[in-house]
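Visitor: Quick one: this structure, given as structure tokens, is what I'll be asking you about.
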Amino acid sequence: MRHLIYIFGDQLSQNLSSLEGFDPQKDCILMAEVLTEATYVKHHKQKIALIFSAMRHFAQSLREKNYSVIYKKLDEKTHLNDFTAVLNDVIQTHQPEKVILTEPSEYRVLEEVKLWQKNSTPIDIRQDHRFLATKAQFNQWANGRKQLRMEYFYRDMRRQYNILMSGDKPIGDQWNFDQENRQPPKAGLDIPQPFSVKPDAITHEVLELVENKFSDHFGSLDQFHMATTRQGALDALDFFIKHNLALFGTYQDAMLMDEPWLYHSHISFYLNCGLLEPLECIQAAEKAYHNDNAPINAVEGFIRQILGWREYIRGIYWHMMPDYTNLNFLNAKNPLPEFYWNAETDMRCLQQSVKQTIDHAYAHHIQRLMVLGNFALLVGIDPKYVNEWFLIVYADAYEWVELPNVSGMALFADGGVLGSKPYAASGAYINKMSNYCKHCVYKVSDKTGPTACPFNYLYWDFLDRNKEVLAKNPRMRLIYQAYHRMSDEKKETIKSSAKSFLNIIFHK
Ligand code: FAD
Ligand code: DLZ
Ligand code: SF4
């Protein structure tokens, strides 16, 4: 054997850098389902099912091109537990001249792979061209800047890839159309049924394997309907462009009872495991704009998520690792309340967000940020528990994208690297953007006391608890001025409502 190409479960693309120069006569691909990856956290069952089924389908598509593939299934008797054991075993049997791989997306796995450089078989670790900004490019942009604001990074990316540009100006003379976006939901919205794929024989086999081997993992497999092939993922993208893109921007932040999908794209699962590439998603949206199939506010809003946020988040991750995992700027120490696992809470917004996470391994951005993340921020849950939860429960979760979103965006654990102030909000925000409060036992209009929405007093209690570090932040000045204007009596009532509530959820 000449080259052995090791392909990981989130690298399911035939355009992968490690496949450049592949010679089917001389080279071979290695893929393996390994227990360590499936259990380093107890991933949602649907996440494991997606990855294993997509890996098996990908291997099949390679074999259809007459590529030789060594594929280790988890349920084979001879299967080995981790990437290193699998690689060493295959090297011993097949004696390749060289091992080639595309760099892993996560720090943890890159560290493991670096140890392979000590083997006698040479190893070629190539850059991952699926991302649109290289790590070096991001570092160059970030170094020497006081603030790493996504907006400026995004503008550079628009120019670099000539996306929604008219010469050197943004189309519509604005980089950002958010004043037209982020509307509250209206009654009677016509929300399309989500794109869904009926499991085929390969997926059925994987679903059975996951149910048997990972029965104690979070989540349910009952409603699994994800695409697990390249064609399926392209169909999902096409479905979004046709049915949801036009209203994506307008209702990007809206939340509705029993409506998990709304007008979002639901493509992060596919982007993050390699079944879709970011540039093709961006170009599909841009084309819809030029063909008058979607307005600029929707198209720009969607493109910003992928060309801006996704690349920026990945850049921050590699710029800040390994220290980023341990940051806890607000010194939050509380455990994760049980309802994050079972949805058993009277707080309707949290109950809905957790319930759909159990059912679909999916929640949209505002549910993650302003409901689940906001609550964890306000009550001071230790970032290590919050990160672990987010890494477990979403089918699109890999540390490179989960960690900056959780520690940086939701928890302000990085003290302002990613956001200039915490995304803390009271019940008023959730009430404005959803119909959850109408279906809740708590009253969003009440500020304190047993019937009041907990987000209301927890918000002020959070500001009070963290005033030493947050009051200095210029973007928090107005809110602290409002807090200082409150009477001592009101502050005491807030504190006592918060204390009773926290005592109950943390069993003190
Ligand atoms: P859409 O709303 O349709 O957006 C389109 C695409 O833009 C997404 O598919 C995604 O690829 C990209 N995108 C949008 N926002 C972000 C962002 N902040 N960071 C990176 N990409 C973005 N995204 C993940 O892919 N994996 C995670 O583990 C993850 N964890 C998150 C945790 C928290 C606390 C928060 C606040 C956000 C997290 N996000 C994560 C970002 C975002 O919520 C999801 O990408 C999005 O909800 C996926 O659903 P969608 O495909 O329908 O996205
Ligand atoms: C997420 C995941 C899971 C559950 N299982 C596997 C696996 O068995 N084999 C594999 O190659 N990849 C898996 N993955 C995806 C990896 O965790 C992902 O490729 C790493 O995060 C790369 O850094
Ligand atoms: Fe959530 Fe408060 Fe609204 Fe209830 S009232 S749904 S707890 S924001």
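The values are calculated or read from the model by the stated rules, or taken from the named source; none is laboratory data. If you're wondering where the values come from, they're calculated on a predicted model, not measured in any experiment. With ideal geometry, Cβ positions are generated from the backbone for all residues, glycine too; neighbour counts draw on all protein chains shown. Each accessible area value is taken on the protein alone, full model and side chains, heavy atoms only, with ligands, DNA and RNA left out. Shrake-Rupley method; radii C 1.70, N 1.55, O 1.52, S 1.80 Å.
Visitor: Give the relative contact order (percent, whole number) for region 196-329; include only Cα pairs under 8 Å separated by 6+ residues.
Guide: It rounds to 22 percent for region 196-329.
Visitor: Run the numbers for Asp190 and Trp341: contour at 0.36 nm per residue of separation, minus the present Cα-Cα distance, in nm.
Guide: Using 0.36 nm per residue and subtracting the Cα-Cα distance, I get 51.3 nm.
Visitor: Based on the Cβ-Cβ distance from Thr36 to Asn473, what FRET efficiency comes out when R0 is 41 Å, to the nearest 0.05?
Guide: For Thr36 and Asn473, the calculated efficiency is 0.50.
Visitor: Accessible area of the chain with a 1.4 Å probe: how many percent of it is carbon plus sulfur?
Guide: 48 percent
Visitor: Still on this model: Determine, from the Cβ-Cβ distance of Ala482 and Lys384 and an R0 of 45 Å, the FRET efficiency 1/(1 + (r/R0)^6), rounded to the nearest 0.05.
Guide: 0.90
Visitor: Output the peptides 469-478, 434-443, 410-419 sorted from most to least packed, where packing is the average of other Cβ atoms within 10 Å over each peptide's residues.
Guide: Packing order, densest peptide first, comes out as 410-419, 434-443, 469-478.
Visitor: Along the charge dipole of region 339-505, Cβ charges K/R +1 and D/E -1, which of Phe375, Ala361, Met476 sits furthest on the positive end?
Guide: Met476
Visitor: Next question, about the same structure. Report, in listed order, any pair from Lys384/Lys495; Lys169/Lys242; Lys45/Lys72; Lys186/Lys438; Lys26/Lys98 with a Cα-Cα distance greater than 18 Å.
Guide: As for pairs spanning more than 18 Å Cα to Cα, those are Lys384/Lys495; Lys169/Lys242; Lys45/Lys72.
Visitor: Compute the accessible area per residue over region 393-486, keeping the other protein chains in place, probe 1.4 Å, unit Å².
Guide: Ligands and nucleic acids excluded, the result is 41 Å² per residue.
Visitor: In deg cm²/dmol, rounded to 500, what helix-only [θ] at 222 nm does the chain give when every DSSP H run of at least 4 residues adds -39500 (n - 2.57) and the total is split over its residues?
Guide: Computed ellipticity for the chain at 222 nm equals -12500 deg cm²/dmol.
Visitor: Using only the alpha carbons, work out the radius of gyration and Dmax of the chain in angstrom.
Guide: 23.7, 80
Visitor: For region 1-108, what ratio Rg/Rh do Cα atoms give with a Kirkwood hydrodynamic radius?
Guide: Across region 1-108, the Cα-based Rg/Rh ratio is 0.94.
Visitor: Per residue, what accessible area does region 180-296 have, given a 1.4 Å probe and all protein chains present, in Å²?
Guide: That works out to 46 Å² for each residue.
Visitor: When the chain is fully extended, how far beyond the present Cα-Cα distance does Asn328 get from Asn66, taking 0.36 nm per residue of separation?
Guide: Extra length available between Asn328 and Asn66 comes to 89.3 nm.
Visitor: Give the relative contact order (percent, whole number) for the chain; include only Cα pairs under 8 Å separated by 6+ residues.
Guide: 16 percent
Visitor: Which distance in nm do the two modelled labels at Lys198 and Asp235 give, with both placed 7 Å along the Cα-to-Cβ direction?
Guide: Rounded to a tenth, the inter-label distance reads 1.0 nm.
Visitor: Hey, another quick one. Which value, in debye to the nearest 20, gives the size of the charge dipole of region 3-126 about its Cα centre, when Lys and Arg are +1 and Asp and Glu are -1 at the Cβ?
Guide: 280 debye
Visitor: Further question: Please give the length that would be gained between Asn119 and Asp173 if that part of the chain were fully extended, namely 0.36 nm times their separation in residues minus their C-alpha to C-alpha distance (nm, one decimal).
Guide: Full extension from Asn119 to Asp173 adds 14.0 nm.
Visitor: Which entries of Lys447/Lys490; Lys333/Lys491; Lys333/Lys490 have Cα-Cα distances beyond 21 Å here?
Guide: Pairs exceeding the cut-off: Lys333/Lys491; Lys333/Lys490.
Visitor: Separate question: In what sequence, highest mean first, do 298-305, 358-365 appear when ranked by Cβ atoms within 10 angstrom?
Guide: Those peptides, ordered most packed to least, come out 298-305, 358-365.
Visitor: Using the charge dipole of region 339-505 (Lys, Arg: +1 at Cβ; Asp, Glu: -1 at Cβ; taken about the Cα centre), state which of Gly408, Leu502, Tyr457 has its Cα farthest towards the positive end.
Guide: The Cα lying farthest towards the positive end belongs to Tyr457.
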